[in-house]
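Beneath this line is the structure, given in structure tokens, with notes to follow.
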Amino acid sequence: MSPVFAGVLQLTALVAALALAYRPLGDHMAAVYNSPRHLRVEKVIYRCIGADADAEMRWPAYLRGVLAFSAAGVLFLYLLQRVQGGLPLSLGFASISPDQAFNTAASFVANTNWQSYSGEQAMGHVVQTAGLAVQNFVSAATGMAVAISLVRGFARSRTGDLGNFWADLVRGTVRVLVPIAVIGAVVLVACGAVQNFSGIHEVGQFMGGHQQTNGGAVASQEVIKELGTNGGGYFNANSAHPFENPDAFTNLFEIFLILVIPFALTRTFGKLVGNVKQGYAVLATMGVIWLGFTALMMWSEFAHGGPALQAAGAAMEGKETRFGVGSSAIFSVATTLTSTGAVDSFHSSFTAFGGGIQLLGMMLGEIAPGGVGSGLYGMLVMAIIAVFIAGLMVGRTPEYLGKKIGTREIKLAACYILITPTLVLGFSAASMVLPDALGSMLNTKALGAGAHGFSEVLYAFTSGANNNGSAFAGLNADTPWYNTTIGLAMLLGRFLPMVFVLALAGSLAEQKPVPETAGTLRTEKPLFAGLLVGTILIITGLTYFPALALGPLAEGLS
């Protein structure tokens, strides 16, 4: 069987699995967030945190809940790392330095999981399980809660109420993420992923010599890392490590976990607004972009172009032989079009155009299908922009799902889409003029050109601000400058957009729905899905093309 045909078969199997899970999971999540009752375990949690789960919140109160909970998470995770040296099961590792502890705390709370450290050489079992793994659950549930609040903004009329953050957070964790994670962890353990609290062992190597390795609660963290579109690996090699990702089946299973909730949330959206066709339109937009990017990536890597051919004679350079080119390309697109950041191959070793596809996928705002929750609310904001553009073309007041898109709504949407480019381009520009920051480009001289070095820096801040977490690993990001600035980019890139999303949700929830007329734009039709795809690509292209031209495009054409 040819590698190309094998890659196509894997993609077909993945699409079939996602299609089978789409309706039941989407309907389940709609029922979870619409349920009038609380489970017993949820009531215990509400009593412990002192929350009234039945109290409706307007957008400022909902936002305060999001920010307060996230700030507490950053502080707790920072302190846990700073005292690691005195904790049990620390494996003898020292406490984490202040700048790296801040970077890691910001990373995991922001659902980014950017790692400027080697997991098996820095983090003990307590930090990994009680700190990082817990944030993998609750950061994903926070994104889902914000997405549901925006959906309620469209669904509700003249109330301004968006539900209750604490109820949405707990339900998303207890009823959605935990059950799937338990099943997924059992699958991974059955397929060979490790799950223990072993210490450090010295093992022999096939080619002679010895190396040290340790185990950990890997399978349980691996499944939520993918399911919650987090991405941080227990080991430095991430999902290329056989303890995390043993074989080709688990590789495909992990891709499925990455994509299943973001895609299924479009069904949840359609159910909650009372029109499943609207969900299908959003799904079609996400699917067209994802399949298009996957096809481009597979073509780029199978064509064997760029530095991979020059260095190794094939596009397998930097890729796991267990997975091959096709599976690595599918995994790469899945992670960079979501806010996952997990890797089963070395992104910096992809062809120049392949690296550009990864960058562009993140620059879209990771909305196809995007992160858990963040992909849906990002796509809905882009839908508002598309409706506004269509309204300008026909001279009508734009409407979406029965709500008028007025001056306030479009200003909030515009602010949302401007935040991330400002962070990415601003921090990248600053890094290109500071000598210490330039010194982190370890392989620029080896490549004989600065284009790849610039791509490394651009990739780092694109990944951080978009809450992805993957990296072009030729950049040494474990420095005070990058730990601090990428940490800031992750926090600002995560929570500033949420401010505008919740303000937008509140504005929409205060409106009275307007009836459809003959001139109303039919947003459930293929024409609107095409308009939405075009809007996303044009806005991203106009924003980032100059930077891409200096990085991957210059490298690929040289």
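The values are calculated or read from the model by the stated rules, or taken from the named source; none is laboratory data. Predicted model only: the values in this text are computed from it and were never measured. Cβ: placed from backbone, ideal geometry, glycine included. Neighbour counts: every protein chain shown. When the accessible area is computed, the model is the full protein with side chains, heavy atoms only, and any ligands, DNA or RNA have been set aside. Shrake-Rupley method; radii C 1.70, N 1.55, O 1.52, S 1.80 Å.
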What percentage of all Cα-Cα pairs in the stretch 409-507 are separated by more than 15 Å? 61
By how many degrees, 0 to 90 and rounded to 10, does the Cα axis of helix 526-550 deviate from the longest principal axis of the chain? 40
How much length, in nm to one decimal, is gained on full extension between Asp436 and Asp27, taken as 0.36 nm per residue of separation minus their Cα-Cα distance? 142.1 nm
Output wanted: per-residue J couplings in Hz (rounded whole) for the stretch 29-41, from phi through Karplus 6.51 cos²θ - 1.76 cosθ + 1.60, θ = phi - 60°, x for Gly and Pro. 5, 4, 5, 4, 7, 9, 5, x, 10, 10, 6, 4, 5
Using just the C-alpha positions of the stretch 31-124 as equal point scatterers, what log10 of I(q)/I(0) does the Debye formula give at each q in 0.20 1/Å? -0.98
Difference of contour (0.36 nm per residue) and Cα-Cα distance, Ile538 to Ala6: 188.2 nm
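Just the C-alpha atoms of the stretch 395-434: what Rg/Rh do they give, with Rh taken as the Kirkwood radius?
Numbers: Rg = 16.2 Å, Rh = 12.4 Å.
Taking Rh as the inverse mean 1/r over Cα pairs, Rg/Rh reads 1.30.
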Using the Cα gyration tensor of the stretch 137-269, the equivalent ellipsoid's semi-axes, largest first and to the nearest Å, work out to 38, 14, 11
How far is helix 407-431 tilted, in degrees, relative to the longest principal axis of the Cα atoms in the chain, given as a value from 0 to 90 rounded to the nearest 10? 20
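From largest accessible area down, sort Glu202, Glu42; use a 1.4 Å probe on the protein chains. Don't jump to the answer; show the numbers that get you there.
On the way: Glu202 130, Glu42 0 Å².
From most exposed to least exposed: Glu202, Glu42.
Which whole-number percent gives the relative contact order of the chain, counting Cα pairs below 8 Å spaced six or more residues apart?
Numbers: 1005 pairs, mean separation 112.2, N = 558.
Across the chain, relative contact order equals 20 percent.
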Among the Cα-Cα pairs of the stretch 92-166, the proportion with separation greater than 16 Å, in percent, is 58
Kirkwood-Stokes translational diffusion coefficient of the stretch 333-479, alpha-carbon pairs, 4 °C, 1.567 mPa s, µm²/s: 77
For the stretch 438-558, take N as its residue count and report Rg(C-alpha) divided by 2.2 N^0.38 Å. 1.49
Rounded to the nearest 10, the angle in degrees between the Cα long axis of helix 352-363 and the longest principal axis of the Cα atoms of the chain comes to 40
For the stretch 111-123, take each phi angle, set θ = phi - 60°, evaluate the Karplus expression 6.51 cos²θ - 1.76 cosθ + 1.60, and give the result in whole Hz per residue in order, putting x for glycine and proline. 6, 9, 6, 5, 10, 9, 9, 8, x, 6, 10, 9, 10
What's the lysine pair count for the chain at a Cα cut-off below 25 Å, pairs eight or more apart or interchain? 17
What does the charge count near Gly216 come to, summing +1 for each Lys or Arg and -1 for each Asp or Glu among other residues with Cβ under 11 Å from its Cβ? -3
What is the Rg over Rh value, at two decimals, for the stretch 216-338, using alpha-carbon atoms and the Kirkwood definition of Rh? 1.04
Near the amide H of Tyr400, under 5 Å away, which other amide H atoms are found, from residues 5 or more places off or on another chain, if H is placed in the peptide plane? Ile405
Charge context of Pro513, other residues only, Cβ under 10 angstrom, K/R +1, D/E -1: +3
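Between beta-carbons, use under 11 Å as the cut-off and find the net charge around Thr479, counting Lys and Arg +1, Asp and Glu -1.
On the way: positive: none; negative: Asp99, Asp436, Asp478.
With Lys, Arg at +1 and Asp, Glu at -1, the net is -3.
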With all distinct Cα pairs included, what does the Kirkwood hydrodynamic radius of the chain come out to in Å, to one decimal, could you say? 23.6
